[in-house]
Structure formats: structure tokens, C-alpha cells
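Colleague: This is the structure I want to talk about, given as C-alpha cells.
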Amino acid sequence: MADTKVSLCGIELDNPIIPASGTFGYGYEFAELYDINILGTFSFKGTTLEPRFGNPTPRIAECTAGMINSVGLQNPGVEKVIAEELPKLTRCFNKKVMANVGGFSVEEYVRTAAMLDACDCVGWLEINISCPNVHGGGIAFGTSASAAAQITAAVKKAVRKPVIIKLSPNVTDIAGIAAACEDSGADGVSLINTLLGMRIDIKTRRPVVANRKGGFSGEAVFPVAVRMVNEVAQRVKIPVVGIGGVASAENVIEMMMAGATAVQVGAANLVNPFACRDIIAGLAPTMEKYKINSLKEIIGACV
Amino acid sequence: MKQGLYTIAENVPLTHSIYKMKLVGDTSECTRPGQFINILIDGLFLRRPISVADYDEQSITIIYKVVGKGTAAMKKMKVDDTLDVLTGLGNGYDTSCSGDKPLLMGAGVGVPPLYKLAKELVSQGKAVKVLIGFHSASDVFLADDFAAIGADVTVVTSDGSVGKKGRVTQYMDDYTHVYACGPEGMLKSVYENCTTSAQLSFEERMGCGFGACMGCSCKTVTGYKRICKDGPVLFKEEILWQTQK
């Protein structure tokens, strides 16, 4: 029997499959389609201290084997998330969930993370210092090792649960930033967030998304993600969560061989709402095909 | 929402750019006129959301305009080809508030969802008026189909080449509720000219089509709404035009 269990920052997952933040809401839309308790866990919609509408529409542009989004962290704010969304989430999901935290200042990250840390259903805090769609916040922290370290240290001081820092690929040395997070106490890192991209409508000569540029994701980014996960895994000892273009059980195994302890699935959920269910169903047969008895054994096989 | 495989039973042109496709398969999630389906197309990343023109126990009919890569690929599809489709998306129109004399207003490719709506309202014994607008005589479709089910149809063309000349909103008269679907400019004009309550169906670029990605959000009087999940139909009373974009 293929063993799909992995351990992420001390919490055991039935399998390494984690729907990525922003592609799975707070879970309940997908719970109408299948029992989401089959997931390892999921990372819920990025949550900020204050409610946010996000960017103007259109927010979506199609690309070859991928898409650009410029949603801009739309969310009802942490208080409403805790009061309204998490009760709905826990009615359909009985495992620990990953709380994704966005912000615009160190203090904001700390306050939001501390509030979510106090929620029983939250197992990990994923600190998004890499959202490309918000001006002045988010990505500024994710593109500087010292700022990433500062956020990590401040959040770590305020919470008890494992802290995973979500990293931006729009940098020259992602491994250096990951190392700075590790040195400041991060329990893990997740990568990659979306790559900055842009499309222009050649008929109107205007950008397709209203915010001009957005985050590129989907199967096209998979090789970039594998490379960056591998570089980071070579550099740090803390667990790496691999994200970027994952759409199949084979992709999951490849990402784990690159160094990922667990794997997030993003854009694929938006095209096939059953993507994670199908990937999980494909894990055991794919492991058998490649003579893998336990997924734990292959983590970092190619580091 | 359901995902399923559907077999193309018909794919025929209605005008030079408008096509009708009939898909056979599970229609159990089609519960209201004004909903849409989301079609996976080989070689394209995102699904294509298309409004439902009609449905019954066995089939879903869509009427689409060829405007980009997705619809160009659809146009070439053959009878007996199969498609991966998400069905039962969106809220659809509420027929319970139509009153006795509902007015259905559509323009261009906004006309199709009004067809099933007209059928339902006629079957409920309502005196259904349909006011549909097109650029020119060669763009007109579905007008005879509305008449065949017993609706009172008025065709309006911008150039006056057939029916009345001008815009549909010039001919609104004697109605109890308005149902509209069309370009944003037309919807805004309906909103401004309508003297009763109304339901307006909006279009937006979508990511997923089922409420997960927040790609198609808009601001309303009652908070942020996702066009794909909380819409595409919004009540007149909840629309905020200033901040729509």
C-alpha cells in the first residue's frame, strides 16, 4: 500500500496535496462538489486586517497554459473571516487548515496573524509577503531579504503555531530570502507565488487586466517553480512547500523530488474544480508505477 | 454545479457570427433561466462561460457569438464531439417577481438567456413582451422563436433596417417588471429608464466561473458580489454603477 503521508512542521498530513490560497475560497464552495477532508489541508483565501475589495475588473487574462490574475487580496477582513467564514469552513473541513495572511505593514501582519493563531482550526500560518497585486505592501517585503526577515521575526514572536513564509519568484535570489526567513525563525517556506506578467489587447491597445499587470500562474510556470523549490531546498533545512503549475500526481512527485515536503495546487482548481480530488486519486497508482513506497522517501531526492 | 461530458447534437449558424449549439447530457443542475455553463476547450487554459438559452431533461442549448479563440474553436466543433462542461452556474432570473406583464429586454448576444425565461413566464400564464435589439437586419436571431412560444416580440435595429429604429430602451411601455441582458451601456440605460423593479444580467471576465477566484467581483448596495456565483443577475435595487468598475 502506497504511503502518501507527510509531516509538515510537526503536523501529519494524509497526503501532501494542499489547494493554494486564492483558488479555494474558504473551502465550502468545493465541499459542495466533493468531501474536502480527503485533502492534506488547504490554504484559505488571503486575509488582511481590514476588509478589501481588491483591484478593479477585469482581473483575469488568459495566457498559453496559464492565466494572469490581479484580484488584489479581496477578502472581508480578519474579524469577519473569523466570525463568519471559519465557522462555515469548520462545518465542512475537520482537519487543521492553513491560514494565509496578507498585509501592508509589519504591525498589520502581526495583528492579523495573532488573531488567526488563536483559532482552533488553524494549523499553520502562511505569511504572504509576495502578493504581486497590491501596491506598497506585500511584495515589497518579499523582494528584500532584510524585510522578509523582519516580518518573520515579528510574526514568530506573536504566534504559537508554525509560520510558513510564502515567497515571491520575482527576485534575483529566492534562496537567499528563504535563508533569511529561516534564520529569523520561520518554520517553513512556500513558493512560488505568481510571476509578474502582463497581456495587452492588440485591438484596444490597452492592458487586458485593469491593474495593467498581474500574477501569472498555471502549468506554464511549473518548470520555474521546480527550479526555485530546488534552489531553496538546497539552501534551507526547514520544510519547503512547492507551488506553481502543479496539475497531476506526476507533477506532485517531481516537485517533492525537487525538495518539497508538501505541494500546493492553485490555478488547476479554477479550471477543474475536482483537480485536487483527481490528483489525490492518482497518487497511489503513480507511486506504484515509479516504485515509490512512501512519499516521505522522495522528498528532496534530487536536491 | 456539476461537471459532465456532453455530446454535441447540433452546432449551426443563426447569423454570420451567431451559432447555436445543442448539448446532450445531464441537465439536473440547470434550475433557472439566466444561468450559464463553462466549457473546457482543447488547447485553451480557462473555460469559456456561455449563457444557457434553453434546457430540458436531456439537453442544453447555448447560442454564442464568435468573438475570440474559444468561440472560434467552438464554431468548428462537429456533431457527436464531446465537451467537458460545468453546468448550473450562476443564480439565474427569479420569475416569481415578474408580475402579469413582464418585459424582457436583450441586445445582441444578450438575447439568448431571455428565451428560456420567456418560455417559463409564458407557461406561468404571463403576458410576456420581448424587446430585442440588434445592429442590423442581418444580425437578428431568435425573433421568430420568441413569437412561436407566444411572446409579443418587438425587434429594434440601430439602423432601422428591420423592425423599429434606435435602441430598445426607447420602446419600454406598460410592464410590471423588467428582465434584461446585454452590453453594459444597454443595461445602464435600462436601469435609468425602468420605472419598475428589474433584474439585470451582467457579463465579466471570469477565472473559474464558480465563485472560487474572486476574478469577477463587483460592488453592490448589499456588499461585494461575484458575478459568476452571486450573479450574473443582479436586482436593480442592489446595483452601484459608479463603482461597478
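Bear in mind these aren't lab numbers, they're just calculated from the coordinates by the rules spelled out. All figures in this text were calculated on a predicted structure; none of them were measured in a lab. Because the Cβ atoms are built from the backbone with ideal geometry, glycine has one as well, and the counts that use them run over all protein chains shown.
Colleague: Would you call A:A210 surrounded by fewer than 23 Cβ atoms within 10 Å (Cβ to Cβ), of a type in the set (G, A, S) and under 18 Å from B:C213 (Cβ atoms)?
Modeller: Yes.
Colleague: Does region B:23-39 contain any residue that is assigned to a strand (DSSP E or B) and surrounded by fewer than 19 Cβ atoms within 10 Å (Cβ to Cβ)?
Modeller: Taking every residue of region B:23-39 in turn, at least one turns out to be assigned to a strand (DSSP E or B) and surrounded by fewer than 19 Cβ atoms within 10 Å (Cβ to Cβ).
Colleague: Residue check: is B:Q35 touching a Ser or Thr at 6+ places or on another chain (Cβ under 9 Å) and closer than 24 Å to B:D230 by Cα?
Modeller: When the stated conditions are applied, B:Q35 passes them.
Colleague: Then there is this: Kindly list the number of the only condition in (1) away from chain A (no Cβ under 14 Å); (2) under 30 Å from A:V71 (Cβ atoms) that fails for B:V155.
Modeller: (2)
Colleague: Search region A:202-226 for residues that are more than 12 Å from chain B (Cβ to nearest Cβ) and pair each with any residue that is acidic (D, E) and surrounded by fewer than 23 Cβ atoms within 10 Å (Cβ to Cβ) when their beta-carbon atoms are under 9 Å apart and the residues are at least 6 apart or on different chains.
Modeller: Filtered contacts from region A:202-226: A:P207/A:D201; A:F222/A:E254; A:V226/A:E254.
Colleague: Considering region B:185-221 alone, what residues qualify as being over 30 Å from A:V271 (Cβ atoms), part of a loop (DSSP other than H, G, I, E, B) and over 20 Å from the mean Cα position of the chain (by Cα)?
Modeller: B:T195, B:T196, B:V221
Colleague: Which of (1) part of a helix (DSSP H, G or I); (2) touching a Leu at 6+ places or on another chain (Cβ under 8 Å); (3) of a type outside the set (S, T, N, Q) does A:G242 not meet, given it meets every other one?
Modeller: (1)
Colleague: Also, quick follow-up: Among the residues of region A:61-115, write down those that are out of contact with any helix residue (DSSP H, G or I) (no Cβ under 7 Å at 6 or more places or on another chain), hydrophobic (A, V, I, L, M, F, W, C), away from every other protein chain (no Cβ under 11 Å) and under 21 Å from A:N269 (Cα atoms).
Modeller: Passing the criteria: A:L86, A:M98.
Colleague: Please determine whether any residue of region B:204-212 is in contact with an Asp or Glu (Cβ under 9 Å, 6 or more places away or on another chain) and more than 8 Å from chain A (Cβ to nearest Cβ).
Modeller: Scanning region B:204-212, I find no residue that is in contact with an Asp or Glu (Cβ under 9 Å, 6 or more places away or on another chain) and more than 8 Å from chain A (Cβ to nearest Cβ), so the answer is no.
Colleague: With respect to A:V232, determine if the residue is touching a residue at least 40 places away in the same chain (Cβ under 8 Å), touching a strand residue (DSSP E or B) at 6+ places or on another chain (Cβ under 9 Å), crowded, with 23+ Cβ neighbours inside 10 Å and within 29 Å of A:N37 (Cβ to Cβ).
Modeller: Judged against the criteria, A:V232 is not a match.
Colleague: Which condition breaks for B:T71 when tested against (1) away from every other protein chain (no Cβ under 14 Å); (2) farther than 26 Å from B:L121 by Cβ; (3) not basic (K, R)?
Modeller: (1)
Colleague: If you don't mind, another one. Quick check: anything in region A:161-174 surrounded by fewer than 17 Cβ atoms within 10 Å (Cβ to Cβ), of a type outside the set (K, R) and without any contact (Cβ under 8 Å) to a residue 60 or more places away in the chain?
Modeller: yes
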